[in-house]
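What follows is a set of notes on a single structure, which appears directly below.
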């Protein structure tokens, strides 16, 4: 398999994103990461939800499932559970991942399912033309909050750390090289990895490129990613907004956990540890 | 014991009910009894209802033992065992005149004029003597019943030992004592035996004792399903519990998810990458899953969903039975998306229809919904062991044939068609074909990469909202339904009774047995009835149903719901008038209730003069 970048682009489908959209940078960064890792396109499944970020799965020449709003994570969990041999990438926007689909996050974290989730956060619902989202700041005027948003915005990274997602990182669409590096690390991480990518919308600029550029800063050099307390402290900082790998720990993946259950089941039911035949299983109901 | 009704060719037909309070072990007492009876050559059929709460509330189990195939739970009871006053008050009207009543004299006040054989059994007292608590009442009752039907004590001892095996030697010992006291008390009081089971030949090994839910789990196993995802919901949970126990042994995987939406999503994901996946649930869970089922129709991904229906609407009657999710199964969707709806008629049929559901789903790449209900799902029945040495795996490329209904001697399996090397050269996942089915590439296959999107898409999977494309792809998806409907018309005809009968009964799902027995009862009274019971509710075997309807003068449609959903469906499709017989009480309809309906119709000259019975 050649590693030339265009091999990961699905040629028949052109992106629908507005020109200047942060998602182009993310797509470019992800393509670079895939090139670095040399993942064969046919061994990869990209699952996405609804929204501008949900279109991500259209543009990579892999197996791709663009499903319903908010359900990318449980769909991907089914994919990875039955086919651990496949590389699974999940993409969703802030609405898809933290609004309608937010309830699935802690449970994927509990399973430590081995996949990489990219949350493309632009602080707004772009595809429906600029309503307030779970990460829209309090008081912000949007189409659905003409007098200012009445809610607090979610602080994404501390939530992910509290759920004990085993790999938590942040980057921005402004830094393609950093996306490539962080996404590579996330995809190599055995277990559930989330990369929170701040990706400003040019048409509904709730998250403004300029303000973002002024505030982003790489994590302090001495930060050790297995230190959750330190990671939390850095995650709460809003100025500067740190980027890089906040947290990374090793714990058994869902596949390893299920394999373990399988072994103990076989030990219990067959002396030699060999799988029983279907008729012999049915005979247990006689 | 009752002597047989001659037209059933039945010598033994015995109906026992045990009733008490939830948590008293009433149901486990009944299950142990049923299990012992199932080891004889008799057929066994159970029906149970328990309170939604773990403890407290009314619980009962009914067991029918017969020397011939059993089609329903029967009507009146030959023997009733009651643990308390509430159980007595609620069930005594079900006891036959002259039937046998076993009751705890400490807990039950009898009215003076009961026409029954009364057998007092001091359950509480004997339980305390054996176990030091009231927890052994059910096992004392089991012992006394063992005497009453002349069941060998050794058989019950073995079952009780198995049941309490995990609880330690002390618990086993106490329960053995409870069992012994029950037997001894009945013997001392010289209770006259009401059934003789001890002399019966033990049955060969060819019968399983299964609940409908277990039958579905085993059907999935045989069909090659190796993934299930679920969220606990009464009364469907045992399907997942059975699979999660069996799957690790056969390299399958079961995930309990955080909610029903996640469960069906995970199953969809598993099926997308090539695994056969089952989603068991009940009505309230099913309605949460409809969005993903819709997606499965759009992505043309195979998926099998089982709805073990319970009383609704909303939380409704979680532990009771009802046939009220038919509309949801057929129509519950935004937009128009093809799906197949099947309805098994019995525990045994649940096994075969599950295999059929997987075959249809794989063959036509769309979701299949199976509607069972609490009464089939939780009851246990003897099921003949199928011949698994004759499973034939059909080649999906050659076999553009129809999917046959599996039978004990004959099980076919079919997997989804994958693209050939030639098809991969210019792979179009949603290519328009003669039957609407296009080969589906399994992830990992080089050159097969495609986009599956819930947006309207072209043959190659690219989003496309043009008028021509939407029409063309809608046609493609619904062409499958036309092909399926035509293939259903060539299935074996599901009609019983004399061809010249003027009264016809149409039913679906779990009412099949009760309707069949009602037909026998009617025939004994000289009323001929024709009975049709389609297994496929959508798309319907149109020609078969038309042929059935056209010969009738009176049509009765039987179903267990309030509004007559199936009747609406039939009337809409065939433009016929029907007399609707509904039961909406959370319990299965009985043969006698249906017989009363048939008798009324037989006595009516002009059926148009009434709307409903």
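The values are calculated or read from the model by the stated rules, or taken from the named source; none is laboratory data. All values reported here derive from a predicted model rather than from experimental measurement. Reconstructed Cβ throughout: ideal geometry from the backbone, glycine too, with neighbour counts over all protein chains shown.
Brief remarks on what is shown
- Applying the criterion of being within 21 Å of residue B:361 (Cα to Cα) and either free of Cβ contacts under 8 Å to residues at least 12 places away in the same chain or in contact with a helix residue (DSSP H, G or I) (Cβ under 7 Å, 6 or more places away or on another chain) (or both) to the residues of segment B:413-429, the residue that is nearest to the other protein chains (Cβ to nearest Cβ) is B:413.
- If you go through segment B:94-115 and keep only what is part of a strand (DSSP E or B) and either closer than 16 Å to residue B:13 by Cα or in contact with a helix residue (DSSP H, G or I) (Cβ under 7 Å, 6 or more places away or on another chain) (or both), you end up with B:95, B:96, B:97, B:98, B:99, B:100, B:102, B:103.
- Index of the failed condition, residue B:195 passing every other in (1) facing chain A (nearest Cβ under 7 Å); (2) crowded, with 19+ Cβ neighbours inside 10 Å; (3) modelled with pLDDT under 95: (1)
- Flag if residue B:486 is free of Cβ contacts under 8 Å to residues at least 40 places away in the same chain, touching a helix residue (DSSP H, G or I) at 6+ places or on another chain (Cβ under 8 Å), outside any loop (DSSP other than H, G, I, E, B) and away from chain A (no Cβ under 14 Å): no
- Residue among B:124, B:91, B:69 that alone is in a helix (DSSP H, G or I) and surrounded by fewer than 20 Cβ atoms within 10 Å (Cβ to Cβ): B:124
- Applying the set (1) assigned to a helix (DSSP H, G or I); (2) facing chain A (nearest Cβ under 7 Å); (3) farther than 30 Å from residue B:446 by Cα to residue B:178 leaves exactly one unmet item: (2).
- Taking the criterion of being within 8 Å of chain B (Cβ to nearest Cβ) and either in a strand (DSSP E or B) or farther than 22 Å from residue A:112 by Cβ (or both), the residues of segment A:62-96 that qualify are A:62, A:63, A:64, A:65, A:66, A:67, A:68.
- Hey, residue A:258 surrounded by 12 or more Cβ atoms within 10 Å (Cβ to Cβ) and either free of Cβ contacts under 8 Å to residues at least 40 places away in the same chain or assigned to a loop (DSSP other than H, G, I, E, B) (or both) or not: no
- Scanning segment B:72-88 for residues that are assigned to a loop (DSSP other than H, G, I, E, B), over 24 Å from the mean Cα position of the chain (by Cα) and buried (at least 24 other Cβ atoms within 10 Å of the Cβ) yields a single hit, B:83.
- Enumerated strands (runs of 3 or more DSSP E) restricted to segment B:366-439, each holding at least 2 residues that are within 25 Å of residue B:267 (Cβ to Cβ): B:367-373, B:391-394, B:411-414
- Any hit, segment B:237-244, residues being part of a helix (DSSP H, G or I), facing chain A (nearest Cβ under 10 Å) and touching a residue at least 60 places away in the same chain (Cβ under 8 Å): no
- Residue count for segment B:403-431, restricted to those that are surrounded by 15 or more Cβ atoms within 10 Å (Cβ to Cβ) and over 24 Å from residue B:215 (Cα atoms): 10.
- Boolean, residue B:233 is more than 7 Å from chain A (Cβ to nearest Cβ) and surrounded by 23 or more Cβ atoms within 10 Å (Cβ to Cβ): no
- Being more than 21 Å from residue B:348 (Cβ to Cβ) and in contact with a strand residue (DSSP E or B) (Cβ under 6 Å, 6 or more places away or on another chain) is a property that does not hold for residue B:531.
- Flag not set for residue B:315, criterion: more than 8 Å from every other protein chain (Cβ to nearest Cβ) and surrounded by 24 or more Cβ atoms within 10 Å (Cβ to Cβ).
- Residue in segment B:257-272 that is touching a residue at least 60 places away in the same chain (Cβ under 8 Å), surrounded by 20 or more Cβ atoms within 10 Å (Cβ to Cβ) and outside the structural domain of residue B:478 (by TED's automatic domain parsing) present: yes
- Unmet requirement for residue A:275, which otherwise passes all of (1) within 14 Å of chain B (Cβ to nearest Cβ); (2) under 29 Å from residue A:87 (Cα atoms); (3) part of a helix (DSSP H, G or I): (3)
Residues are listed down the side, and each one gets a yes or a no for (1) touching a residue at least 40 places away in the same chain (Cβ under 8 Å); (2) assigned to a strand (DSSP E or B); (3) more than 9 Å from every other protein chain (Cβ to nearest Cβ):
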site	(1), (2), (3)
B:284	yes, no, yes
B:288	no, no, yes
B:293	yes, no, yes
B:305	yes, yes, yes
B:323	yes, no, yes
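- Candidate set from segment B:245-278 (those that are part of a loop (DSSP other than H, G, I, E, B) and more than 8 Å from chain A (Cβ to nearest Cβ)); member that is nearest to residue A:100 (Cα to Cα): B:276
- Within segment B:19-66, the residues that satisfy the criterion of being free of Cβ contacts under 8 Å to residues at least 40 places away in the same chain and not in a loop (DSSP other than H, G, I, E, B) are B:27, B:30, B:58.
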